[in-house]
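Below you'll find the structure, written out as C-alpha cells, and then a few comments.
Read-outs throughout are calculated quantities, based only on the coordinates presented, and are distinct from any laboratory measurement. Because the structure is a prediction, the values reported are computed rather than measured. Cβ coordinates were reconstructed from backbone atoms using ideal geometry, including for glycine residues, and neighbour counts include every protein chain displayed.
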Amino acid sequence: MGRTLAEKVWDDHVVRRVEGEPDLLFIDLHLLHEVTSPQAFDGLRKAGRAVRRTDLTIATEDHNTPTLAIDKPIADPVSRTQLETLRKNCADFGVRLHPLGDVEQGVVHVVGPQLGLTQPGTTVVCGDSHTSTHGAFGALAFGIGTSQVEHVLATQTLPMAPFRTMAVTVNGELPADVTAKDLILAVIARIGTGGGQGYVIEYRGEAIEKLSMEARMTVCNMSIEAGARAGMIAPDDTTFAYLAGRPHAPRDAEWDEAVAYWRTLRTDADARFDHEVVIDAAGLAPFVTWGTNPGQGAPLSQSVPAPGSFSDPSAQLAAEQALEYMGLSAGQPLREVAVDTVFVGSCTNGRIEDLRSAAEVLRGRSLASGVRMLVVPGSVRVALQAVEEGLDKVFTEAGAEWRHAGCSMCLGMNPDQLAPGERSASTSNRNFEGRQGKGGRTHLVSPQVAAATAVLGHLASPADLSDVPEPAGV
Amino acid sequence: MEAFTTHTGRVVPLRRSNVDTDQIIPAHWLKKVTRDGFEDGLFEAWRRDPEFVLNKPAHHGGTVLVAGPDFGTGSSREHAVWALQNYGFKAVLSSRFADIFRGNSLKNGLLTVVLPQPVIERLWELSETDPATEVTVDLVTRTVTAPGVAEEFTLDENARWRLLEGLDDISLTLQNESHIAEFEAARPSFLPRTLRV
Ligand code: SF4
C-alpha cells in the first residue's frame, strides 16, 4: 500500500525502530526562543552535557521583546532576565542567536522559513506549539515541551509514538474575499478544537494548491488549534520558487538533488488516511470567532449563536461560559460587535502579504474614533520590506501604530496588552480568556477583516466599506 | 524523574471543558527561568473568584484533579505541568487530553489518565457530595478506584514502564549513540545547516 506524505517524512527519519517502543526520530532543525528553553539548558548543565548539533540549532528572541524603544534597556526585570538567560545559554553552548536589534530577529516561525532553513521533507521542532507553521513546506514540524527541548539539544533525536493521519481536502476555488485565515477558522469550527487530536493533518485539494506559501503557513500554523500535532502541505513549484535563493536553501548541484527528492514528497494515490474531511471552498465566507476557543467561530454575516443550539452538553456549557466572558448575547449580529483594539501581526498573519492586504484596505482611510490599531511585523526583514513598499506610511497615516517585530499582543507577555474588558479584532491564533491581557476579549480575524474593522469600529469585512474601491487585480 | 506507582488522594472537581494551558498558567508566569515556584500562578484568573473550586476549603489538599474533556489544549508550555505539580497535584483525570500536554505530563511524572466521561461525572458527583472522598490511581494495576467506581485505564506500555521506573529519557536515548552516529553519517549534504552563510 502507498504511503502518505507524513509517513514518508517520518520513515526517512527513523534512527531506530524497536517493537513495542516509540520510534527514535532524527531532528533536522531545532528552533529555540527565550520562554521554553532556560530550564532545558539548565538540565544540560546539571548533567554535564553539550548541545549535540549546534549546526542544526538556531535561536531568536520574540515572546518578551518590546515593540517600542527597543534600544532602551527592557523595563520589566523578569523579561530582561529571561532574554539575558537565553543570550548566556547560546554563548555558553555555541548556539546561533538573533537577539533583539539584529536584522534576522523576529517571531521564530517567521524567521525559519524566511532564512530558507525550513525545507520540504525535514523534521522541525521548537518548544512552541505553532511549530506546525513549518509544515507548509512539506516538513514534519511539531511543538514540543521543555523536557523534549533538552532531549533534542542533547541527542538531536526524539522518541515519538506514531501519529494518525487526516486529510483535509478543500475542493474548488476560494471566493475572492476569502483568505487562508477564514479557511482555517472554518476548518477548526468544523472539526472542533479536539478533532485533530493525535493526527497529522495534510491539507490538499485545488484551493490549497492555489495558495501562496505565506497563505499556506497561515493554514498550517493553526493546525494546533484543531488539536493536531502537525499540519502539512505537499511541496510543489510554489514551494520551490519561495525557497530558491534564500540564504540557507541549497545551491547549484545540491539544489537539483534536493528538488528531485522534494518532488517525491507526495501522498501516493493508493495511500489511505485514517480520517478524511472534505470542504467546498466555494461555500466559505469571511469568518470570525465569537468565543474563547478558536473552534467557537462563525461566518461574519451570522449572529452570536445560542448555547442551546449545541447538541453536546459540554459544548453548551462552554458556549455559555464563553458568552459570559466575552460580554456577548445570543442572537447579536457579529457585524454589530464593537471593538476598541485591532492587532495585526503574529506567526499566523504577520508576514509581508498579510501586511500588504491590511494596508490595501486601509489606504486612504482612517481608523474609527476610539479605535487603536497595532501593526507588528513578524520579523525585522518583514518590517524592512514593508517600509520599502511604503506600507508603514499607509498604516500611520490611517492612525495605526507601526511597531517593532515580535510576538507582541498575540500573547501579551510584553507591554502590548488589552486592559480588562477591552475587545480586540486580532489576526493572531488564540482567543483564550486573558490571552491578550487579563480580562481582555479577543475575536480572531483575517488581516482584511482586521483592517475593515479598524475603519468601521465594529467587526466588518472590506465589502462593508461602502466607498470600497475595486481591488486592483489581486 | 520521580517514579509513579500508585497514589491515593482527594479529588478536586473541575467542571470545565477545554481548559487551555493559558488558563492553567498565564503567559506572564512564563518569564521565570526555573521549574519551581509556579503554584501561585495555577489557574490564576479563576482563583480570583471566591467560588472557584480551588478556593473552597473543603477541597484544599486535594491531589487528583478531575477535569472536563480537552484538558491542556493550546500552547506547548511545560510550565502548565510544573504548575500543577508545584501546587500538589499527582494525577489529572479527563476524558480527553491535548497531545503535547499529555506528553509533557508523562515526562515529568504527573500521571494523566483518560477515563470515559460518565466516570468523570461520577467522580465529580462523589467529591461534590463528600469532599473527603478519596480516589486511588494505581499505575501497577492500571485502575482508578473510588467508592462505587472501579475503572481500568490504558496507557502506552513504554510510557508506563518509564513512569513506574522513573527513567530519564535522555540517558535511555544516549544508549543508541551508534545508531544516531550512523544516521548522521548518511544524511544528504543538501540538508540545511544553521551555521552562518
Ligand atoms: S506570534 Fe503568538 S503564537 Fe506565534 S510564536 Fe509568538 S506568541 Fe506564539
Estimated distance in nm for a label pair at A:ARG49 and A:GLN332, the labels positioned 7 Å out from Cα along Cα-to-Cβ: 5.0
What is the spread of the Cα atoms of the range A:1-126 along each of their three principal axes, largest first, in whole Å? 59, 34, 21
Cα-Cα pairs in the range A:71-216 separated by more than 22 Å, as a whole percent of all pairs, come to 52
Label-to-label distance, nm, for residues given as B:GLU152 and A:SER212 (7 Å Cα→Cβ offset): 5.6
At a Cα cut-off below 22 Å, give the lysines reachable from A:LYS181, other chains included and same-chain residues fewer than 8 away excluded. A:LYS210
For the range A:338-401, what is the largest minus smallest coordinate of the Cα atoms on each principal axis, given in angstrom and ordered from greatest to least? 31, 23, 15
About its Cα centre, the range A:60-100 carries a charge dipole, from +1 on Lys and Arg Cβ atoms and -1 on Asp and Glu Cβ atoms, whose size in debye to the nearest 20 is 80
Return the whole-Å distance between the Cα centroid of the range A:355-377 and the Cα centroid of the range A:401-432. 15
For chain B: Kirkwood Rh in Å [reciprocal of mean 1/r, alpha carbons]: 18.2
Kirkwood radius from Cα pairs of the range A:170-258 plugged into Stokes-Einstein at 10 °C, 1.306 mPa s, gives D in µm²/s equal to 112
Within a Gaussian network of chain B (alpha carbon springs, distance under 10 Å), most fluctuating of B:GLN85, B:GLN23, B:GLN175: B:GLN175
Under 8 Å for C-alpha pairs, at least 6 residues apart: give me the relative contact order for the range A:188-314, rounded to a whole percent. 26
Which one of B:VAL140, B:VAL119, B:VAL66 has the biggest mean-square fluctuation once chain B is modelled by GNM with Cα springs under 10 Å? B:VAL140
Can you pull a Stokes-Einstein diffusion coefficient for the range B:112-158 at 4 °C (1.567 mPa s), Rh from Kirkwood over Cα pairs, as a whole number of µm²/s? 115
FRET efficiency estimate (nearest 0.05) - Cβ-Cβ, A:ARG372 to B:ARG187, R0 35 angstrom: 0.10
Please compute the net charge surrounding A:ASP42, taking Lys and Arg as +1 and Asp and Glu as -1 over other residues with Cβ under 9 Å from its Cβ. +2
Within a Gaussian network of chain B (alpha carbon springs, distance under 10 Å), most fluctuating of B:GLY88, B:GLY41, B:GLY72: B:GLY88
If every alpha-carbon in the range A:209-324 counts as one equal scatterer, what log10 I(q)/I(0) does Debye give at q = 0.17, 0.19, 0.21, 0.24 1/Å? -1.04, -1.18, -1.31, -1.46
Rg/Rh over Cα atoms for chain A, Kirkwood Rh, comes to 0.95
So how do A:149-160, A:5-16, B:44-55 stack up, highest first, on mean other-Cβ count within 10 Å? A:149-160, A:5-16, B:44-55
Radius of gyration and Dmax for the range A:56-109's Cα atoms, expressed in Å? 11.0, 33
For the range A:365-474, the Cα convex hull volume per residue in Å³ comes to 108
Okay, helix-only estimate at 222 nm for chain B: each DSSP H run of n ≥ 4 adds -39500 (n - 2.57), divide by all residues, round to 500 deg cm²/dmol; what do you get? -8500 deg cm²/dmol
Share of alpha-carbon pairs per 5 Å distance bin for the range A:228-272, given as whole %: 5, 18, 25, 22, 15, 10, 5, 1
When only C-alpha pairs under 8 Å and at least 6 residues apart count, what is the relative contact order of chain A, in percent? 17
Write down, largest first, the equivalent ellipsoid semi-axes of the range A:140-179 in whole Å, where each equals the square root of 5 times an eigenvalue of the alpha-carbon gyration tensor. 36, 14, 7
A convex hull over the alpha carbons of the range A:290-422 yields, per residue, a volume in Å³ of 123
Add -39500 (n - 2.57) for each DSSP H run of 4 or more in chain A, then divide by its residues: what number comes out at 222 nm, to the nearest 500 deg cm²/dmol? -9000 deg cm²/dmol
Give the share of C-alpha pairs in each 10 angstrom bin for the range B:117-197, from 0 to the last occupied bin, in whole percents, shortest bins first. 13, 25, 20, 15, 13, 12, 2
In percent, what relative contact order does the range A:335-474 have, based on Cα pairs under 8 Å that are 6 or more apart in sequence? 31
Quick one: work out the % antiparallel among DSSP beta bridges in the range A:320-474, nearest 5. 5
Order the peptides A:276-288, A:205-217, A:308-320 from the highest to the lowest mean number of other Cβ atoms within 10 Å of their residues. A:205-217, A:276-288, A:308-320
